[in-house]
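Trainee: Take this structure, written in structure tokens, and hold onto it; I'll ask about it next.
What follows is calculated from the coordinates using simple rules that are stated; it is not laboratory data. Computed from a predicted model, the values in this text were never measured in an experiment. Ideal geometry is used to build each Cβ from the backbone, glycine not excepted, and the neighbour counts take in all protein chains shown.
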Amino acid sequence: MKRIVFILLLFLAFTTGFAQSYLGYGKTKADYERVFGKFMKFYNNGQSDSIYSILSDKWNEENKRSNWNADIIRIIQESIGKIESYKYIDTFRGRIDAYSNPMVYFKLVFNKPAKSHVPSINNKKEHAVCLSLDEEGKILGLNFITSSPAVDSLISKY
């Protein structure tokens with residue numbers, strides 16, 4: 001009987017390990033959710049230096065500072081607001097970053113409708129973001145507001 005229980009536990013542990021969805025660099029859905037949770041906190045609080053700390057070292061310093069400085073964050077927040085919530089949608093292995101990692105999509109809900117000249121995002125509170133992580137678990141690829149008919153259809157399901 002002990003042998004059967006041991007074999008069942010071993011089988012369960014083995015299959016559970018393979019059931020985890022590993023993404024680029026062996027990262028899991030939970031890794032992406034944890035990193036995006038940090039990003040959301042730093043973005044909402046306007047903490048550009050903290051955002052720099054979770055961006056991959058493969059980003060050069062100039063790109064980090066020009067894309068995520070305090071003024072840019074303020075302008076984005078004036079246009080689309082702060083992030084109220086996020087939810088993992090899916091991993092698209094066909095959509096990869098410059099380093100051949102899959103991009104993970106999250107549905108974002110902002111606290112106000114977007115004010116934009118881009119019709120596909122104007123007056124919407126729900127948007128998608130896609131990102132990838134590097135081997136250290138830092139943000140390697142980040143498309144902050146992703147919009148297309150296919151993406152809009154996808155986020156409407158969640």
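Trainee: Counting other beta carbons within 10 Å of each Cβ, put Val129, Val109, Val104 in order, fewest first.
Mentor: Ranked by crowding around the Cβ, least crowded first: Val109, Val129, Val104.
Trainee: Roughly how many nanometres apart are two label points built 7 Å out from the Cα toward the Cβ at Asn44 and Lys29?
Mentor: Placing both labels 7 Å along Cα→Cβ, they lie 2.2 nm apart.
Trainee: Hey, which lysines would be in cross-link range of Lys38, C-alpha to C-alpha under 18 Å, not counting anything within fewer than 8 residues on its own chain?
Mentor: Lys27, Lys29, Lys64, Lys82, Lys87, Lys107, Lys138
Trainee: Another question, then. Treating only the Cα positions of the range 22-156 as identical point scatterers, give the base-10 log of I(q)/I(0) from the Debye formula at each q in 0.10, 0.16 Å⁻¹.
Mentor: With no solvent term, the Cα-only Debye profile gives -0.30, -0.81.
Trainee: Considering all projection directions equally, how large on average is the shadow of the alpha-carbon convex hull of the range 44-91, in square nanometres?
Mentor: Details: hull surface 17.2 nm².
For the range 44-91, averaging the hull's shadow over all directions gives 4.3 nm².
Trainee: How much length, in nm to one decimal, is gained on full extension between Asn143 and Val109, taken as 0.36 nm per residue of separation minus their Cα-Cα distance? Can you show the working numbers first?
Mentor: On the way: separation 34, 0.36 × 34 = 12.24 nm, distance 1.55 nm.
The Asn143-Val109 span can extend by a further 10.7 nm.
Trainee: With both bridge residues required to lie in the range 22-156, what share of the DSSP beta bridges run antiparallel, to the nearest 5%?
Mentor: Numbers: 21 of 22 bridges.
Rounded to the nearest five, the antiparallel share is 95 percent.
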